[in-house]
Amino acid sequence: MGLAGSVLEERLNRTNTPHWYCAKEVGDWQTVWLSLQSASRPDCLLDELQIFFDNSTGRYRNQTGVEIRTVDFGGVGGIAALDPALPQLTSVYQELIDALVAVGYEVRKDLFGAPYDWRLAADGLAQVGYYANLTAMIEGAVASNGGTKALLLAHSMGNLVSLAFLRSHTPAWRAQHIAALIGLSGPWGGSVTAMKGSISGDTFDISALPHDIFRPLQSIAPSGPWLFPDADVYGSEVLVETTGGAQYTAADSQRLLQDLNLTQQVAVFDRVRSTTHPLPQLDIPVHCMHGLMAGNSTEEHFLYDVDKFGAAVPPAPALVRKGKGDGTVNLKSLESCKRLGPYADVRTFQDTTHTDILTDARVVLAIIEIAEANRPSSPVQHHAL
């Protein structure tokens, strides 16, 4: 799943909170991302989701007194909808799951989900055991389905999660266990919008929210710089500038973070980027699918009305220039799937967005066709969403 697309639960045992109305003790696990209750107190929510990097040990930790975990690993409860209590209003993978079940797939038999902590990049996911658990799940599923290889499916940031996972295994392991990767809306070359999250905050196009409401988390999360534009893809194009004359290309990303005094993202930048960039050549089929909106729909350049960046949170961009893409990821990044080697192919679906691709009937049909082509009569093909 993509950035912020997996359900997260928390358990609290806190001494200090930012406000009197923030909970200190919750003995049982409860949904923190995303429930109406947690969203109604965004200051509490964002404080509880803070994550910290220890540069001396190279390890990450949660906010003091806060435990965070994903939901229903191996099942689909953590990816079907963002709020399990409101599945119809917060659906994510639900329609695709229903379509696969309708053609004979069974959850936890040959259809599996792998939610992840989207605050982390690949190095942090490895630390919390995510990749070890994913390896065990795939090996067990392949074995229980008579040796039928797994067909992986990922959306948005999940493509980078999958790419780092595949790189961590040997060619022999991939040849034995992986049939192909289906990559939806892949930010293979990063997204200019990701830079806005660290600079001034990104509201995910929810206009009623203050522009910087999520910035406290976006400006420290390791997943932020992991999604920054890649210099190999964006070249010398100026992506961010100030009215005072400061300019930043993709190659200037670390300088941008330094100027903003975002010391944690500076510290993790090289380690998170190295897990997937430069893009490697893959020795398995990669079926990339992405939407393309008509006209200029996707942010590609920000102008900030400040002399220069500093520790203070900047205002929202004074000017935004848009170009081709799916509304979130720039076209040149989506098409960078071709850089993954001769086994990669790219399909474009007109007039569907970065997130709507998950429910686009054309895309769902294309996924089922790939799945059916890889599905022996018995046993059934294993899919990991």
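The values are calculated or read from the model by the stated rules, or taken from the named source; none is laboratory data. Remember, predicted model here, so these are calculated numbers, not experimental data. As a convention, Cβ positions derive from the backbone with ideal geometry for all residues, glycine included, and neighbour counts pool all protein chains shown.
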(request) Go through 269, 214, 204 for me and flag whichever is within 23 Å of residue 44 (Cα to Cα), crowded, with 20+ Cβ neighbours inside 10 Å and of a type in the set (Phe, Trp, Tyr). (result) 214
(request) Select from region 14-60 the residues that are surrounded by 14 or more Cβ atoms within 10 Å (Cβ to Cβ), hydroxyl-bearing (Ser, Thr, Tyr) and free of Cβ contacts under 8 Å to residues at least 24 places away in the same chain and list them in ascending order. (result) 38
(message) If I ask for residues that are on the phi > 0 side of the Ramachandran plot and of a type in the set (D, E, K, R), which ones from region 78-133 would you list?
(response) 108
(message) Taking the criterion of being among the hydroxyl-bearing types (Ser, Thr, Tyr), surrounded by 15 or more Cβ atoms within 10 Å (Cβ to Cβ), within 26 Å of residue 147 (Cα to Cα) and at pLDDT 95 or above, would at least one residue in region 64-71 satisfy it?
(response) no
(request) Please go through region 74-118 and pick out each residue that is among the β-branched types (Val, Ile, Thr) and over 28 Å from residue 147 (Cα atoms). (result) 90, 92
(request) Select the helices (runs of 4 or more DSSP H) contained entirely in region 125-191, then report the ones holding at least 3 residues which are under 23 Å from residue 354 (Cα atoms). (result) 157-167
(message) Looking at residue 139 and the list (1) in contact with a helix residue (DSSP H, G or I) (Cβ under 8 Å, 6 or more places away or on another chain); (2) surrounded by 21 or more Cβ atoms within 10 Å (Cβ to Cβ), which single condition is not satisfied?
(response) (2)
(request) Output the residue which, of all residues in region 310-357 that are under 30 Å from residue 90 (Cβ atoms) and charged (D, E, K, R), is surrounded by the fewest Cβ atoms within 10 Å (Cβ to Cβ). (result) 351
(request) Return yes or no: is residue 33 farther than 24 Å from residue 227 by Cβ and of a type in the set (Phe, Trp, Tyr)? (result) no
(message) Among the residues in region 105-117, are any farther than 14 Å from residue 74 by Cα and assigned to a helix (DSSP H, G or I)?
(response) no
(request) Quickly run through region 129-150 and pick out the residues that are aliphatic (A, V, I, L, M) and either closer than 23 Å to residue 329 by Cβ or free of Cβ contacts under 8 Å to residues at least 40 places away in the same chain (or both). (result) 132, 136, 143
(message) Condition first: touching a helix residue (DSSP H, G or I) at 6+ places or on another chain (Cβ under 7 Å), of a type outside the set (Ser, Thr, Tyr), more than 15 Å from residue 368 (Cα to Cα) and touching a residue at least 24 places away in the same chain (Cβ under 8 Å). Can you find one or more residues in region 64-73 that meet it?
(response) yes
(message) Among the residues of region 220-243, are any surrounded by fewer than 24 Cβ atoms within 10 Å (Cβ to Cβ), without any contact (Cβ under 8 Å) to a residue 12 or more places away in the chain and either among the hydroxyl-bearing types (Ser, Thr, Tyr) or not in a helix (DSSP H, G or I) (or both)?
(response) no
(request) Would you mind stating whether residue 307 is in contact (Cβ under 8 Å) with a residue 60 or more places away in the chain and exposed (fewer than 14 other Cβ atoms within 10 Å of the Cβ)? (result) yes
(message) Restricting to region 77-111, name every residue that is within 18 Å of the chain's Cα centre (by Cα) and surrounded by fewer than 22 Cβ atoms within 10 Å (Cβ to Cβ).
(response) 77, 81, 83, 90, 91, 94
